[in-house]
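Structure, as C-alpha cells:
Bear in mind that the values in this text are calculations on the coordinates, not laboratory data. Keep in mind the model is a prediction, meaning the values are calculated, not measured. Note that each Cβ is placed from the backbone with ideal geometry, even for glycine, and that neighbours are counted across all protein chains shown.
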Amino acid sequence: MELTLIARCRDGLILATSIEGTNDSNNDLVKYSNQAKLIFKKLAGSPQQQSVESGPFVFHYTIIQNICALVLCERNYPRKTAFLYLVDIGQEFLNSYSSKVEQVVRPYHFLDFDKYIQQAKMRFQDTNKFAINAVSNELQDVTRIMVTNIEDVIHRGEALNILENRASELSGMSKKYKDDAKALNRRSTVFKIAASIGIVGIFCLIIRFVVF
C-alpha cells in the first residue's frame, strides 16, 4: 500500500492521507498523487467501487456516503483485501468526522487520521490473517468490481461533453431555423398583403378609366 487518500465526493477535496515509500520513489508518488486527484475529480457518474490500473500499480477506491477512500497498491496485492481495507478506514473516518466533512474548506484537514490508517495497514498487510478472512464475506465478490485504466479515467466525460456541445449546437440551430421561419412567414404575409392592395388599386384604376 503505497498511498492512501480520503476525499470528499462532491468536489474531490482531499481530507486525509498517508504516504509510504522511500525518497527514491518521491517523483513517482507525486505522479500517482496527481492521478489520484484526477480520479477524485471524475467521481461524478462513476461506479461505487472501482480499480484503476496505472503502470505497475493499481488504484482501488470505494465511495461511502459522501467520501471516497482510495489506495494505491502493487498489482499483485489482493483486490479483496484492498477493498476491505478501504471499507474499514472509510467507515472509521465517518465515525470520527462525518459531521465535519462538508464544513472544511482546506485540503488535508484531518491529518491526524493518519494514525488510524497506519494501524489499519498493519492489520491488513498480512493477507492471511484470520481477522481478514473472518470478515471477507461481508464484501461483495470483487470480480464484479469494474477494472479500468488511468487513460480511460482521464478521458472520462469527454465524449459526453462532445455530445452535450453538439446537442447545444443543434438546439441553437433549431432555434435559429424557427426564428428565420417566423421572419420569413412575416415577410411573406406582408408581401401578400401588399400584393393584394396593389392588385385592388390597379383594378380600381382600370374601372375608373373604363367607366369615367
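Quick one: Ile67, Ile89, Ile197, fewest Cβ neighbours within 10 Å first, how do they rank?
Values: Ile67 22, Ile89 26, Ile197 10.
Ranking Ile67, Ile89, Ile197 by Cβ neighbours within 10 Å, fewest first, gives Ile197, Ile67, Ile89.
Counting other Cβ atoms within 10 Å, keep those with at most 15, restrict to DSSP loop, and tell me which GluC sites (Glu not before Pro) in the range 54-128 are left.
Of the GluC sites (Glu not before Pro), the ones in loops of the range 54-128 whose Cβ has at most 15 other Cβ atoms within 10 Å are Glu102.
Quick one: which of Lys31/Lys100; Lys42/Lys115; Lys42/Lys121; Lys41/Lys100; Lys80/Lys100 span more than 24 angstrom between C-alpha atoms?
Lys31/Lys100; Lys42/Lys115; Lys42/Lys121; Lys80/Lys100
Provide the packing ranking of 104-117, 5-18, i.e. peptides ordered by the mean count of other C-beta atoms within 10 Å per residue, highest first.
5-18, 104-117
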